[in-house]
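This report refers to the structure that appears directly beneath it.
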Ligand SMILES: Nc1ncnc2c1ncn2[C@@H]1O[C@H](COP(=O)(O)OP(=O)(O)OP(=O)(O)O)[C@@H](O)[C@H]1O
């Protein structure tokens, strides 16, 4: 294999034989192939993709789409039924909970066992033990059997091990969602540092984590790859498909609304089509359309929607995103009308106006994705969600690092 690739997966599939009744398995064994008692089920089918050295690739897909099965085959813990997998480098994997550690052994004993499986000698593990314990940050439990651990403690220890085995490739399945916020931040810091030289294959349902961390994303559906592309595009399509699947969407609406600011990419959207966003405008305090902003100023955002069927409890909202698709801030009208719900009649138009002060922002292009839905924040039907309806250019007047800047009231040095 060309050494530019860390992982190359070609035509890989995993087939399971499903028996409707438990005794059918026995009958099948006794009667050979004279009569077939099983159904073939492909958990993963004809999957091909490659990961270059140094890339961070995210795999996303709904429950049961084949993500874990694929990762297990890449890590060598599950044999593929078809195809080939080539891996170039030492792989450290954090797969499903429960795999890997012996529940009867203490945390410390499991560290020795797991790290030695990655080829580390006893002396090297001894030398790394302090750092592993510090990373896991569960010192009181290191000498307890791991069967007494909570799932969060288990992941802490497992992550601490894979972070210290000098791997070339990390394969991580949903680990970031298990720990608490501090531990997740620690893992993300570690992953970012690892990504400077290493290769990462990463499964998550968290689209923000995929957008933040990955250079490429793979969308799986029913065991097959439906898309490989930029994290932003792939996660947008994943979210759209989630809504469509859950909400009996009658048609995908993708017309371009009028916008006051540059709208170079043709926006794509989805929704029932019962209402449609027809115009998005960013205005200054006098109501004049803005063609660019500096950050920090007071603005108004108008989202105009046409209503085609009667809608109860409408919610209009938006996400303000940077060029990587990271949501910088978002809001919607739900809370303002929570106690006094509106209804909209077919044939009307509604304009949602949001008046706010922009945060200080680094120079660059940002986008606004508006949406109209009905229901509550937790449970709603999307009528029209429009990705990147409007591009907002920021020419920052003051240097700003990070995602946003905050206006400093005062700065001083006090020598004591
Ligand atoms: N040993 C098995 N025997 C039969 N079917 C299996 C087996 N293991 C997995 N499957 C099936 O294969 C499909 C893919 O499962 P997999 O765990 O890879 O999905 P996933 O995308 O990781 O899901 P989740 O997001 O819920 O973790 C599922 O329909 C699952 O029921």
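Coordinate-derived values only; no laboratory data. Computed from a predicted structure; not experimentally measured. Note that each Cβ is placed from the backbone with ideal geometry, even for glycine, and that neighbours are counted across all protein chains shown.
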- Message: Quick check: pseudo-label points 7 Å beyond the Cα along Cα→Cβ at residue 395 and residue 15, how many nm apart are they?
- Response: 6.3 nm
- Can you pull the semi-axes for the stretch 255-394, root of five times each eigenvalue of the Cα gyration tensor, sorted largest first, whole Å? 25, 16, 14
- Simple spin-label estimate for residue 109/residue 285, 7 Å along Cα→Cβ, in nm, reads 7.0 nm
- Work out the FRET efficiency for residue 337 and residue 208 from their Cβ-Cβ distance, taking R0 = 30 Å, and round it to the nearest 0.05. 0.65
- Message: With bins 10 Å wide starting at 0, give me the P(r) of the stretch 11-134 over every alpha carbon pair, in whole percents.
- Response: 10, 28, 28, 22, 10, 2, 0
- Under the 7 Å Cα-to-Cβ spin-label approximation, residue 127 and residue 346 lie apart by a distance in nanometres of 7.5 nm
- Item | Between 0 and 90°, nearest 10: helix 181-195 axis offset from the chain longest Cα axis | 80 degrees
- Query: At what distance in angstrom do the alpha carbon centres of the stretch 87-142 and the stretch 1-53 lie from each other?
  - Reply: 31 Å
- Query: Which whole-number percent is the relative contact order of the stretch 5-236 (Cα, under 8 Å, 6+ apart)?
  - Reply: 28 percent
- Message: Need the full-extension length gain, residue 414 to residue 166, defined as separation in residues times 0.36 nm minus the C-alpha distance. One decimal, nm.
- Response: 85.0 nm
- Treating the angle as unsigned and between 0 and 90°, give the value, to the nearest 10°, between the Cα long axis of helix 231-247 and the longest Cα principal axis of the chain. 80 degrees
- Over the Cα atoms of the chain, how large are the radius of gyration and the largest Cα-Cα distance (Dmax), in Å? 25.7, 89
- Item | For a label point 7 Å along the Cα-to-beta-carbon line of residue 27, residues of the stretch 37-53 with backbone N under 11 Å | 37-38
- Give me the percent of Cα-Cα pairs in the stretch 1-78 that sit more than 16 Å apart, rounded to a whole number. 62 percent
- Task: Using 0.36 nm per residue of separation minus the Cα-Cα distance, give me the extension gain between residue 77 and residue 180 in nm, one decimal.
- Result: 34.3 nm
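What do you get when you divide the Cα radius of gyration of the stretch 5-236 by 2.2 N^0.38 Å, with N the number of residues?
After normalising by residue count via 2.2 N^0.38 Å, the value is 1.10.
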- Take every Cα pair under 8 Å in the chain that's 6+ residues apart, average their separations, divide by the length, and report that relative contact order as a whole percent. 14 percent
- Note on the structure: Measuring from the longest principal axis of the C-alpha atoms of the chain, the long axis of helix 151-162 (C-alpha) lies at a number of degrees, nearest 10, equal to 70 degrees
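Need one number: the % of Cα-Cα pairs in the stretch 98-151 sitting beyond the 13 Å mark.
When every Cα pair of the stretch 98-151 is considered, 57 percent fall beyond 13 Å.
Would you kindly state how much longer the chain becomes between residue 298 and residue 329 on full extension, computed as 0.36 nm times their sequence separation minus their alpha carbon distance, in nm to one decimal?
9.7 nm
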